[in-house]
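What follows is one structure encoded as structure tokens, with my remarks underneath.
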Amino acid sequence: MSNNIAKVIKYILFVIPAISMVVVSDMYFPFITGKSFLFRVAVELVFCLYIGLAFVDHSYRPRWNSLLKAFAIFTGVIFLSDVFAVNQTKAIFSNFERMEGFILIAHLFAYYLVLVSVLKEKKDWVIMLFSSVSISVFMTFFAFLQFFGGATINQGGLRLDGTLGNSAYMATYMVFHIFFLLYLWVSNGNKVKGIGDSVLVGSLIYVVYYLSYLAMDELPFSRAGGVILSLAILTCVKIYWYRFTSVLSRFEKIFSAVLYVWIILLQLVILYYTATRGATLGLIGGLIITSLYIVFSHKDNRKVRMVAISFIGFVVVTTAIFIAIRKSDFVQNSPVLNRFASISINDTTQARAIIWPMAIEAFKEHPVIGWGQDNFIFAFAKYYKPEMIRHEPWFDRTHNVFLDWLVAGGVIGFVAYLSLYIFALIHLLKSAIFSHSEKAVLMGLVAAYGFLSLFIFDNLVSYHLFVLLLGLVSLTLRTEDKKGNNEGVEGVVFVSMLCAFVILCFLVNYNSYKQNLTLTQAISNQKEGYGKNLELIEKAINYGSTGRFESLEQMNNIVRSVISTSGVPDVDKNKFGMSMINNFNSYDKDNPEDIRGVFMLGVFMGDVGLYNNAIPLLEQARQMSPMKQQIYYSLAKAYFIKSELEKNKDDLERGVSYLKSAYEFAPQMTGPRDIYLNTLLSLNRLDEVKGILDTVQNPKESIDKLTVEALIQKGLLK
């Protein structure tokens, strides 16, 4: 029975990579939550089955090598950081946008433990990687469908994102699979069976996916869609013919090479059109590491060394040419090439250039065990820099994985995370299982992921792929233990573990899952009317921790919509408003460190005329984030309304002083300056306007047009 259970676990593991295709449109954050819930349930199932398997068969018990120990220590350290986090609830449960927190880390460790304990042979890992490659083939076809306009690019614009919803996520996904393909090519030799089956399965999945979505009217049929569908069908037929006819025996070497090269080239094109600079540079850097290792390890194979040296030379020459032509019309007129040409270490306007020093300041405040996971947003508010106003209002990630862990886990968490890379490389160098070529590719992938992690943040798919990589490199030669003496209780053990799975699955996922579905319903039109929306949003808020603030954000939108709608009775408007105020007050009481709740409630109260209630809340928010201009704007607005209604000039001066402070934080920023200028113009304070204009170069070009027109009318500009 234990052998059958081991097979079931393997089959589930082989299917898990398919989670990257999942998009559940009926869920809040459809590209994140559906994948995450499925991953959790799958890991919980295999983990419970594995515990039973390890109990009855000692050969499946974990081998505590250095990498497994490092992963266990990392998990323990992050648990400690999350328990003592600034906001413990957020650190453990995260939110729907990220679906991380300690819950994800625990699942990743359980997943890794099962991988390294059950996939004990190299052939198991070959199947696992080919399974992942087959899904990447589907993803490649789908990305080309997006490229040719047959499917929506979810982020908008031209940067492909597949079914991941984010071009940076897609780029990381492609980098991993390009290296996986290279590894399988050097590992699996010239056999068509593995790569052929993967391409066949991936193409077939795409055909079924596309036709089913056409049948449900979820995708419009287009000429591009028809061409790509035909290509996928032709691929299936061609591979089937080569795979199961005698022709294969004569052309297997050539055909397998063609398949590898074809898929790698297609994925390189997709990577290019994600326009993700960090991932592309990571791929190039990883391939250089691979080439260097080959140069020094293949001393007896001159041909292979020359190929590696030629690649390094090609990269150097290509880079030099690109730098030389980066200002040409050809580069500047290409949206993708222009993004690469704009890379500059001296560009202080980039969000990362501002956020990274903020992260260092946050680390200094909690240097030992950090702020806890998903708590950077609190540090972002506290150490906010005025230059960030040109970017998004709230950042919950540093856009650097290593800095994320430095902030979340302090120096202990950072070192624990870094040890995963260190022991992965040590295992590779010492391994007797991998050939030099295999080691070269895997070392290149470790380096590529490490480099691209300097410019992005992780997500479920990248976490999953990184754990796969760690599991593969930790593969060691092992002798089989004797089976335990528990054969007689196998049935009882596995039934007990299935019951444990049901309980665990319910405790971990049920509330969050129901909350997510309820939230999606709450923001949809209800035939019962807007009263039903209020009922549903209150229900979503009361479900628990994961999506509580996101539910409050949506409540803010619903309440504002109802209040601004003519024909809604005042009694209903008051009911909605009071519900929002009560729920936000409750959240702020439970989460006093979260400025967003205080600020959002303060803005709402100011907008509905409750300025005496709004001002204390906005002042509280200002204390929590002393240099965030949006807070100063809201305070100024509240004081202006109060001044107008109460005819109090002191309140008018307070409002003006807040706009002046927002301007003086960063005088070079056009937004705060123009808002302050317009206010001074409306108050006819021309001397103060002249003082600001004296500091502005080329005012007609740098000041917005409406303000320029007002300045001309006042005779301050010609």
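Here, each number is a calculation from the coordinates, and none is a lab measurement. Everything quoted here is computed from the prediction, not taken from an experiment. So basically every Cβ, Gly included, is an ideal-geometry build from the backbone, and we count neighbours across all protein chains shown.
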inquiry  = For a quick check: sort 462, 212 by the number of other beta carbons within 10 angstrom, fewest at the front.
reply    = 212, 462
Listed residue (139, 269, 256) projecting farthest to the positive dipole end of region 120-275, Cβ model = 256
remark   = Of the convex hull enclosing the alpha-carbon atoms of region 552-695, the direction-averaged projected area in nm² is 9.7
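Compute the Rg/Rh shape ratio of the chain: radius of gyration over Kirkwood radius, all on alpha-carbon atoms.
1.00
Once the mean 1/r over all distinct Cα pairs of region 276-343 is inverted, what Kirkwood radius in angstroms do you read off? Spell out each step's value before the answer.
Numbers: mean 1/r = 0.0747 Å⁻¹.
Evaluated over region 276-343, this radius sits at 13.4 Å.
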request  = Please arrange 240, 658 by counting, for each residue, the other beta carbons lying within 10 Å of its beta carbon, fewest first.
outcome  = 240, 658
ask   = All other residues with a Cβ under 15 Å from the Cβ of residue 402 taken together, and with Lys, Arg as +1 and Asp, Glu as -1, what is their net charge?
value = 0
request  = For residue 557 and residue 191, compute 0.36 nm times the residue count separating them, minus their Cα-Cα distance, and round to one decimal in nm.
outcome  = 126.1 nm
query = Looking at the chain, do any whole DSSP H helices span at least 27 angstrom along their long axis by alpha carbon and average -0.5 or above on Kyte-Doolittle, and which?
reply = 33-56, 122-147, 167-188, 192-215, 223-243, 247-274, 277-297, 302-325, 401-430, 490-522
note = Between residue 709 and residue 317, the FRET efficiency computed from the C-beta separation at R0 = 51 Å comes out, to the nearest 0.05, as 0.45
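When the helices in the chain are scored as -39500 (n - 2.57) per DSSP H run of 4 or longer and the sum is shared across all residues, what 222 nm value do you end up with, to the nearest 500 deg cm²/dmol?
-24000 deg cm²/dmol
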message = Need one number: convex hull volume per residue for region 317-385, Cα atoms only, in Å³.
response = 144
request  = Please identify every one of the trypsin sites (Lys or Arg not before Pro) in region 266-371 that sits in a loop by DSSP and has no more than 12 other beta carbons within 10 Å of its own beta carbon.
outcome  = 299, 327
inquiry  = Exposed loop sites here are GluC sites (Glu not before Pro) in DSSP loop states with at most 12 other C-beta atoms within 10 Å. What is the longest stretch of the chain lacking them?
reply    = 219-479
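Based only on Cα atoms, what Rg/Rh ratio does region 641-718 have, Rh being taken as Kirkwood's radius?
Expressed as Rg/Rh, it is 0.99.
Relative contact order of region 120-275: what whole-number percent is it, with Cα pairs under 8 angstrom and at least 6 residues apart?
36
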key: Cα pair distances exceeding 16 angstrom across region 359-402, given as percent   = 34
Average Cα contact separation per residue, the chain, under 8 Å, 6 or more apart, as relative contact order % = 16
request  = Among 669, 306, rank each residue by its count of other Cβ atoms within 10 Å, from fewest to most, as a rough exposure measure.
outcome  = 306, 669
